[in-house]
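Scroll down for the structure; my scribbles are underneath it.
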Amino acid sequence: MSENVAPERVSALDRPYDPAEVEARWYPVWLERGYFTPRLPPDATADQLAALRKSHYSIFIPPPNVTGSLTMGHVLVQTLQDVVIRWRRKEGDLALWLPGTDHAGIATQNVVERMLAEQGRSRHELGREGFVREVWAWKEKYGDLINQQERRLGCSLDWTRERFTMDEGLNRAVTEVFVRLYRKGLVYRGHYIVNWCPRCLTALSDEEVNHEETDGQLYHIKYPIKGSEKFVTVATTRPETMLGDVAVAVAPKDRRYAKLVGKTLVLPLMRREIPVIADEYVDPKFGTGAVKVTPAHDPNDFAIGQRHGLEPIVVMNPDATMSDKAGDFAGLDRFAARKRVLERLADLGLLARTDQHKLSVGHCDRCDTVIEPYLSLQWFVKMKPLAEPAIEAARKKRVKFFPTRWTKVYMHWMTHIRDWCISRQLWWGHRIPVWYCQAPGCGEILVDTRAPERCTKCGGAELRQDEDVLDTWFSSWLWPFSTLGWPDETPDLRVFYPGSLLVTGPDIIFFWVARMIMAGDEFMGEEPFPHVYLNSIVRDAQGRKMSKSLGNSPDPIEIMNRYGADALRFTTVFLTPTGQDLIFDEKRCETGKFFANKIWNAARLVSMRLGDLDPTTVKDAQLSLTLTDRWILSRFARCAQDTTRFLKTYRFNDAANAVYRFAWHEYCDWYLELVKPRWSEEGAVTDPAGARTARVVAHRVLEGILHLLHPFMPFLTEEVWQSLPHQGESITVAPWPKPKRASFDAAAEADMGLLMELVAAVRNLRAEMNLPPAKMVPVVVRADARQSERIRAHRDLLGPLARVESWTISPEATRPGVAASAVVQGMEVWLPLTGLVDLDAERMRLAREADRVLGELESTRRKLMNQDFLAKAKKEVVERERQKLVQLEETVAKLKRAEEALRA
Ligand SMILES: [Zn+2]
Ligand SMILES: [Zn+2]
């Protein structure tokens, strides 16, 4: 244990709460004391490791990109993980939350390229090695920002186990996996139509392409039939690709074209002869029923070409200029070529017509360039065999999704899975462990975890490594075990795999979650986690998804500076209904801030009342519990039970709500009010045992609240806990409340419930009748004998809370003349008004008030019936008006009741 001394104990919390000061102080202490680092004994035996494994709880962070900085999305997902891991740590688990970052191939390469461009340099100038050095330098300098920000947020990550997807160990795991899959026949190289970004000059996975609905044109082009005056008309949205046509296809049963199949067409502009073929793929009802076949530039045409043995012709270069196979158009950019092709066709009278046509155009996720379906040689993983066990895992509920609706989404994708293109034409990433023998005529391909020195076939020493790197997700899909030392059988791997929970955004359920499950099954023989919690999307007050490009995403660091990390954490969880989106508005962080202040002020009061008493040394037997004590202890037990249950089922906002409601509305609003007379100086003289009990119970419940609140507000709770009498060294590792059965006291809760309702009813009547707050009032209650007994026994408690000077409670009580009335649990409650209120003046006030409210009610109603308003106003404005209407209706009812009370 370190010698680091805890921040000085503050004897009284007699200063305003300053989150910035407190939050800066505690994180370094937690780190130095190693609370976030679960330790395994050195040289542990297999049995010891197996025992530790039983108590482990591990979460692997979705590694943020090294290029990243904290967004509101991160705040939500990291806070939820921290809530769980802090809770499990307090439950006594061997809790590990493993941090790290992702090298983010294409994103990082683009960032560094942009930086070079600003300096007038380029990666080609630097060469591969120089460029990669430049990226590493960038990573050292800027890549740690998000980790620092996670510390600021209070994330209890084990930094001693931090990993990077391109560190040495992970490189080894990546290479090992590639080689194993290759040897198993699950990695192959093939010509394939990929999504190609002509700017990034790399293949993109389907998920890296954004499709946008665009207004385009559909061009109808006439292809002359050889030796005839006739034509076949085909339609296309990308006419420049016709230069690579190798056939025209029609449906086999299409009578219109039956005689044409087998005939030859002359491809315009290229004068190339191409056949008419029949293929099931063609839909006779679409367009003219005849389609051009361009295997090198369209995925469906590629399949047709393969079925008919047609050689693809690549008419474009990787940068989307036309290739030397494009005849007169060679060298032109694709869009310039399109224009020129159309002009030439029009000149020749071969452009039959042009229709307006909506089409979906793919754009590069990173640079927004229009992607090109492009034929190239790439590496692939065969996914079907890997998907089978992962589908089974979800079907057998070995992996469960929260909320459950995501199971369907997962299943759909997994059962329609396509092979995964894993090669990327980038420099930043894991180099593909494949070498090509350069000896003339050999052509051997060597795949190994280490660079081979000689060709295994011909013995040649001239080997060239594949230029490409692996898709970023090829390292992330191994994250849950590569980070623990795999392929070595490390103690960490034995204890902490599989993880216990994955928390991540639903947008990467395929990119990452599904692939991790597949990798876990394939390489560990076990899924990497039993539970996947897919968190909400963060939206602004207008319901738009927060994004950098919209500029509607506040900087969480600035919010933390203004409100505190605890306030931000608590608010995001508190506001996020399970399975729904988080509508976030910075101002709502006041919820968390006010709550922090409320707890602080309650603690200050308790601390003041405790004086020299150390409540942690007082035994239960020394207490003389009253109804209020038994009630608050029982309510706390219930709150602890609920909070734990909600956390177990990942109902995070219900958990936050349970603590909030109990702490604020039961403990602060009621209990701390109710004990005032007992623990006052006067009370301590007349009943020392009662005063001591009040102090001990108030402290005990407050400490319990701090424990339950700790996962949500780690800094505040540590500071307050340390400032009050306590046992143990930190709330971080102090045990989670486990309520004893004896603490539950249903009778006390029922009795207090009745009294509280009664007080609330009297307060309500006072407010409705507009009585000054300090005015003492008499109250008459008609209750049956049992209820009368219960209330009489505790009426001392009630007096001060409702400012009641005298109670008349009996089964025979009757309405005392002019009186306001209410009904509580079947009892009639009257507040006599004669002598308290100037009845005439009050009647006039009520009439005036009723006029005003009715007027407002009428105008709100009219607004909500106005179709024009409903159609044009923003959703939240309409919602506000609706809520206003409900409130006004309630006010009218209240005024009516008050008016009736005055009538009698
Ligand atoms: Zn791009
Ligand atoms: Zn060779």
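Candidates are the residues of the stretch 436-459 that are basic (Lys, Arg) and farther than 21 Å from Gly185 by Cβ; the one that is surrounded by the most Cβ atoms within 10 Å (Cβ to Cβ) is Arg454.
Exactly one residue out of Thr626, Thr643 is within 23 Å of Ala747 (Cα to Cα), of a type in the set (Ser, Thr, Tyr) and more than 22 Å from the chain's Cα centre (by Cα), and it is Thr626.
Before we move on, is Arg766 of a type in the set (D, E, K, R) and open to solvent by less than 40 Å² (accessible area, probe 1.4 Å)?
yes
Could you go through the stretch 183-190 and let me know if any residue there is under 30 Å from Glu113 (Cα atoms) and part of a strand (DSSP E or B). Within the stretch 183-190, one or more residues are under 30 Å from Glu113 (Cα atoms) and part of a strand (DSSP E or B). Got at least one residue in the stretch 358-375 being more than 16 Å from ligand 1 (Cβ to nearest atom), touching a residue at least 24 places away in the same chain (Cβ under 8 Å) and touching an Asp or Glu at 6+ places or on another chain (Cβ under 7 Å)? Yes, the stretch 358-375 contains a residue that is more than 16 Å from ligand 1 (Cβ to nearest atom), touching a residue at least 24 places away in the same chain (Cβ under 8 Å) and touching an Asp or Glu at 6+ places or on another chain (Cβ under 7 Å). All conditions but one from (1) in a helix (DSSP H, G or I); (2) touching a Phe, Trp or Tyr at 6+ places or on another chain (Cβ under 8 Å); (3) of a type in the set (A, V, I, L, M); (4) more than 30 Å from Tyr35 (Cα to Cα) apply to Val194; the one that does not is (1). Is it the case that the stretch 324-341 has a residue that's in contact (Cβ under 8 Å) with a residue 24 or more places away in the chain, touching a strand residue (DSSP E or B) at 6+ places or on another chain (Cβ under 7 Å), away from ligand 1 (no atom under 16 Å from the Cβ) and open to solvent by 30 Å² or more (accessible area, probe 1.4 Å)? No; the residues of the stretch 324-341 include none that is in contact (Cβ under 8 Å) with a residue 24 or more places away in the chain, touching a strand residue (DSSP E or B) at 6+ places or on another chain (Cβ under 7 Å), away from ligand 1 (no atom under 16 Å from the Cβ) and open to solvent by 30 Å² or more (accessible area, probe 1.4 Å). Residues in the stretch 185-211 that are buried (at least 19 other Cβ atoms within 10 Å of the Cβ) and within 16 Å of ligand 1 (Cβ to nearest atom): Val194, Asn195, Trp196, Cys197, Pro198, Cys200, Thr202, Ala203, Leu204, Ser205, Glu208.
A single entry from Ala602, Ala640, Ala658, Ala596 fulfils the requirement of being surrounded by 15 or more Cβ atoms within 10 Å (Cβ to Cβ), among the small types (Gly, Ala, Ser), in contact with a Cys (Cβ under 8 Å, 6 or more places away or on another chain) and closer than 30 Å to Ile537 by Cα: Ala658. Of all residues in the stretch 661-671, those satisfying the criterion of being in contact (Cβ under 8 Å) with a residue 24 or more places away in the chain, more than 16 Å from Ala596 (Cβ to Cβ) and open to solvent by 10 Å² or more (accessible area, probe 1.4 Å) are Glu666, Trp670. A single member of Glu212, Glu207, Glu240 is in a helix (DSSP H, G or I), more than 28 Å from Ile445 (Cα to Cα) and modelled with pLDDT under 90, and it is Glu207. For Thr214, are the conditions met, namely being open to solvent by 10 Å² or more (accessible area, probe 1.4 Å) and either touching a residue at least 40 places away in the same chain (Cβ under 8 Å) or touching a strand residue (DSSP E or B) at 6+ places or on another chain (Cβ under 7 Å) (or both)? Yes; evaluated as a whole, the condition is true for this residue. When the stretch 605-626 is filtered for residues that are in contact (Cβ under 8 Å) with a residue 40 or more places away in the chain, open to solvent by 60 Å² or more (accessible area, probe 1.4 Å) and in a helix (DSSP H, G or I), the ones remaining, listed by number, are Met608, Arg609, Gln622. Please work out which one of (1) without any contact (Cβ under 8 Å) to a residue 40 or more places away in the chain; (2) more than 19 Å from Arg897 (Cα to Cα); (3) surrounded by 14 or more Cβ atoms within 10 Å (Cβ to Cβ) is the condition Pro816 fails and give its number. Here Pro816 meets the rest and fails (2).
So is Glu168 acidic (Asp, Glu), within 26 Å of the chain's Cα centre (by Cα), open to solvent by 10 Å² or more (accessible area, probe 1.4 Å) and more than 16 Å from ligand 2 (Cβ to nearest atom) or not? Spelling it out, it is not the case that Glu168 is acidic (Asp, Glu), within 26 Å of the chain's Cα centre (by Cα), open to solvent by 10 Å² or more (accessible area, probe 1.4 Å) and more than 16 Å from ligand 2 (Cβ to nearest atom).
Yes/no per residue for (1) out of contact with any Lys or Arg (no Cβ under 9 Å at 6 or more places or on another chain); (2) of a type in the set (A, V, I, L, M, F, W, C); (3) part of a helix (DSSP H, G or I); (4) closer than 17 Å to Tyr223 by Cβ:
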{"residue": "Arg256", "(1), (2), (3), (4)": "yes, no, yes, yes"}
{"residue": "Val266", "(1), (2), (3), (4)": "no, yes, no, yes"}
{"residue": "Pro275", "(1), (2), (3), (4)": "no, no, no, yes"}
{"residue": "Pro284", "(1), (2), (3), (4)": "no, no, no, no"}
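Restricting to the stretch 10-51, count the residues that are part of a loop (DSSP other than H, G, I, E, B) and of a type in the set (D, E, K, R).
The qualifying residues number 6.
Note on the stretch 778-789: residues that are open to solvent by less than 50 Å² (accessible area, probe 1.4 Å) and not in a strand (DSSP E or B) amount to 3.
The values are calculated or read from the model by the stated rules, or taken from the named source; none is laboratory data. Note that the structure is a prediction, hence the values are computed from the model and not measured. Cβ atoms come from the backbone with ideal geometry, glycine included; neighbour counts cover every protein chain shown. Each accessible area value is taken on the protein alone, full model and side chains, heavy atoms only, with ligands, DNA and RNA left out. Shrake-Rupley method; radii C 1.70, N 1.55, O 1.52, S 1.80 Å.
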